[in-house]
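Enquirer: Take this structure first; my questions come after.
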Amino acid sequence: MIYLNSNQNPLGPSPNAMAAIKAALSECHHYPDSQASELKNKLAERHSVLPEQVLIGAGSTELISTIARSLLGRGGTAITSELSFVVYSTAARAAGGQLVQVPMRQHGFDLEALAAAANGSTQITFLANPNNPTGTVFDARRADDFLARVPEHVTVIFDEAYYEYAEAFARERKLAYSHSLDYVRQRRNVIVLRTFSKVYGLAGLRIAYALGPPALLARFARVRSVYSISGPAQAAAVAALDDQVHVRETLANNRAGAKWLGEELSGLGFNPLPTWANFLYMETAGNGEMFAERLKGEGVAVRPLADWGAPKAIRVTIGTPEQNRALLAALRKILRQ
Ligand SMILES: Cc1ncc(COP(=O)(O)O)c(C=O)c1O
């Protein structure tokens, strides 16, 4: 099976990370460092913030749940866009709160509508930038305007799981993509989420981080489970940060794959949305779930999006050139049938 359904890195992890994982395994009779201090300090230095402005978590999904549990009391409200990351709604509901979804504009976040929807009873806004599953972004100026308009008591979450991909596309397309770290340095009521699951290829190890105001992060740390980030995960993340060659190879593969797949899929009549991440969103002529089943029958797993509110759509991760060719061959076969 070729897995193009979870936006993983098709090149796998960095060889440096693999070596660090193997070395860390011989220490696995010890509990991990509950503060993940080495990684925290390294990230603080890299992003020019204080270590107290960094919190490591077992994946962004754990951090999202922790944020929802800390900030949404029973009946609390979070807002986001329609057709955004499904975990926002499960996390809000599991925390005893609710999620309000504002209609999209051009397959992306309608920040003006979102700012207008935020009121006295809103605690959180979840902004996925790039958005999963549509792959769209809003630029830094629109985010600045949004922050100026949203009430100050609302904690704004910039979920930048695909940051490195978006930043690379933005350089090429000459767009100012994100000022999120400036907001953190200015101590705004903002949390930035970044993960090691995507460009760093460590999805199976579960490790990510939040950047934000020290008092808020300390509050999250109190409700997080203590040893959820394993020693191998911490070691792998530290090593992965140092291997920027692997990051560059990943981004180059993604850039070439996005272009090739985008053109080929358009040639087959699918018209995928232009992507800012490592996946493509497209509508099928009929039922996305059935379409994904047929692709699975041909050995290619993609993500149907009915559960996310888009019954015709599928999301396809950009793979290696071989995987992309296999996807195209499977699609051609299905269309012929
Ligand atoms: C927007 C977004 N946020 C967070 C995540 C979850 O990442 P993690 O593996 O760090 O939990 C994903 C993964 O698909 C995502 O698309």
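Enquirer: Could you order 228, 197 by accessible surface area, starting with the largest, using a probe radius of 1.4 Å?
Expert: Working: 228 35, 197 10 Å².
The ordering from most to least exposed comes out as 228, 197.
Enquirer: Output wanted: per-residue J couplings in Hz (rounded whole) for the stretch 271-281, from phi through Karplus 6.51 cos²θ - 1.76 cosθ + 1.60, θ = phi - 60°, x for Gly and Pro.
Expert: Here the 3J(HN,Hα) series is 6, x, 5, x, 9, 10, 9, 10, 8, 10, 9 Hz.
Enquirer: Count the DSSP beta bridges whose two residues both fall in the chain, then state the antiparallel fraction as a percent rounded to the nearest 5. Before the final figure, lay out the partial values.
Expert: Values: 16 of 35 bridges.
Just about 45 percent of them are antiparallel.
Enquirer: What three numbers, in Å, describe the spread of the alpha carbons of the stretch 143-260 along their principal axes, ordered from the longest?
Expert: Extents along the principal axes, in whole Å: 44, 39, 20.
Enquirer: Okay, moving on. Looking only at 237, 58, 256, which one moves most when the chain is put into a Gaussian network model with springs between Cα atoms under 10 Å?
Expert: Result: 256 has the largest fluctuation of those listed.
Enquirer: To the nearest 0.05, what FRET efficiency results for residue 335 and residue 244 with a Förster distance of 41 Å applied to their C-beta separation? Display every interim value, and only then the final one.
Expert: Numbers: r = 40 Å, r/R0 = 0.98.
That gives a FRET efficiency of 0.55.
Enquirer: In addition: So for the stretch 226-284, considering every pair of alpha-carbon atoms, how many percent are separated by more than 20 Å? Don't jump to the answer; show the numbers that get you there.
Expert: Working: 839 of 1711 pairs.
For the stretch 226-284, the fraction of Cα-Cα distances above 20 Å is 49 percent.
Enquirer: Sticking with this structure for a sec: Hey, what's the Cα Rg ratio for the stretch 84-217 versus the globular rule of thumb, 2.2 N^0.38 Å?
Expert: Values: Rg = 14.5 Å, N = 134, 2.2 N^0.38 = 14.1 Å.
Cα Rg divided by the expected 2.2 N^0.38 Å: 1.02.
Enquirer: For the full complex of protein chains and a 1.4 angstrom probe, list 18, 104, 290 by accessible area with the highest value first.
Expert: Numbers: 18 85, 104 50, 290 125 Å².
These residues rank, largest area first, as 290, 18, 104.
Enquirer: Something else: Under a 10 Å cutoff between Cα atoms, tell me which one of 35, 234, 98 has the largest fluctuation in the Gaussian network model of the chain.
Expert: Judging by the Gaussian network model, the answer is 35.
Enquirer: Pick from 153, 179, 30: which residue has the top mean-square fluctuation in a GNM of the chain where Cα pairs under 10 Å get a spring?
Expert: 30
Enquirer: Provide the net charge surrounding residue 317, with neighbours chosen by a C-beta distance below 13 Å and charges set as Lys +1, Arg +1, Asp -1, Glu -1. Walk me through the numbers on the way to the answer.
Expert: Numbers: positive: 198, 303, 315; negative: none.
For residues surrounding residue 317, the net value is +3.
Enquirer: If you don't mind, another one. What do you get when you divide the Cα radius of gyration of the stretch 1-98 by 2.2 N^0.38 Å, with N the number of residues?
Expert: Values: Rg = 17.6 Å, N = 98, 2.2 N^0.38 = 12.6 Å.
Dividing the Cα Rg of the stretch 1-98 by 2.2 N^0.38 Å gives 1.40.
Enquirer: Kirkwood hydrodynamic radius for the stretch 15-242: how many Å is it when counted over pairs of different Cα atoms? Walk me through the numbers on the way to the answer.
Expert: Details: mean 1/r = 0.0559 Å⁻¹.
Taking every pair of different Cα atoms in the stretch 15-242, averaging 1/r and inverting gives 17.9 Å.
Enquirer: Grab the DSSP H runs of the chain that are 4 residues or longer, score each as -39,500 (n - 2.57), total them, divide by all residues and round the 222 nm result to the nearest 500 deg cm²/dmol.
Expert: Working: 13 runs with 148 residues, N = 337.
Helices in the chain give a 222 nm mean residue ellipticity of -13500 deg cm²/dmol.
Enquirer: Could you list which residues have their amide H under 5 Å from that of residue 279, counting only those 5 or more apart in sequence or on another chain, with H placed in the peptide plane?
Expert: Under 5 Å from the amide H of residue 279 lie the amide H atoms of 318, each far enough along the sequence or on another chain.
Enquirer: Can you compute the radius of gyration and Dmax for the stretch 245-336, using only the Cα atoms, both in Å?
Expert: When restricted to Cα atoms, the stretch 245-336 yields Rg and Dmax of 12.9, 41 Å.
Enquirer: Relative contact order, percent, of the chain when contacts are C-alpha pairs under 8 Å separated by at least 6 residues? Mind dumping the intermediate values first?
Expert: On the way: 658 pairs, mean separation 83.5, N = 337.
Reported relative contact order: 25 percent.
Enquirer: Now for a separate question. State, as an integer percentage, the relative contact order of the stretch 71-223 based on alpha-carbon contacts under 8 Å between residues 6 or more apart. Don't skip to the end; give the middle numbers.
Expert: Working: 268 pairs, mean separation 27.5, N = 153.
Once normalised by length, the contact order is 18 percent.
Enquirer: Only sites in a loop by DSSP and with at most 12 other Cβ atoms within 10 Å count here; which GluC sites (Glu not before Pro) in the stretch 132-226 make the cut? If you can, show how the numbers build up before the last one.
Expert: Numbers: sites: 152, 160, 164, 167, 172; in loops: 152, 160.
Those that pass, being in a loop and sparsely packed, are 152.
Enquirer: A further question on this structure: Give, as a single signed number, the net charge of other residues whose beta carbon lies under 15 Å from the beta carbon of residue 294, with Lys and Arg counted +1 and Asp and Glu -1. Could the numbers behind the result be given before it?
Expert: On the way: positive: 296, 303, 312, 332, 333, 336; negative: 289, 293, 298.
Neighbour charge sum, excluding residue 294 itself: +3.
Enquirer: Distance between the C-alpha centers of the stretch 254-312 and the stretch 123-188? Whole Å please.
Expert: If we compute the Cα centre of each part, the gap is 25 Å.
Enquirer: Treat every Asp and Glu Cβ in the chain as -1 and every Lys and Arg Cβ as +1, leave all other atoms uncharged, and give the resulting dipole magnitude about the Cα centre to the nearest 20 debye. Could the numbers behind the result be given before it?
Expert: On the way: 35 positive and 30 negative charges, 53 e Å.
Its charge dipole is roughly 260 debye.
Enquirer: Which distance in nm do the two modelled labels at residue 141 and residue 46 give, with both placed 7 Å along the Cα-to-Cβ direction?
Expert: 3.0
Enquirer: Which percent of the accessible area of the stretch 15-242 is formed by carbon and sulfur heavy atoms (probe 1.4 angstrom)? Present the calculation step by step, with values, prior to reporting the outcome.
Expert: Details: 4830 of 9320 Å².
Of the solvent-accessible surface of the stretch 15-242, carbon and sulfur hold 52 percent.
The values are calculated or read from the model by the stated rules, or taken from the named source; none is laboratory data. Worth saying up front: this structure is predicted, and the values here are computed from it rather than measured. Here Cβ is always computed from backbone atoms with ideal geometry, including for glycine, and neighbour counts include all displayed protein chains. The accessibility values were calculated without ligands, DNA or RNA, using every heavy atom of the protein model including side chains. Shrake-Rupley method; radii C 1.70, N 1.55, O 1.52, S 1.80 Å.
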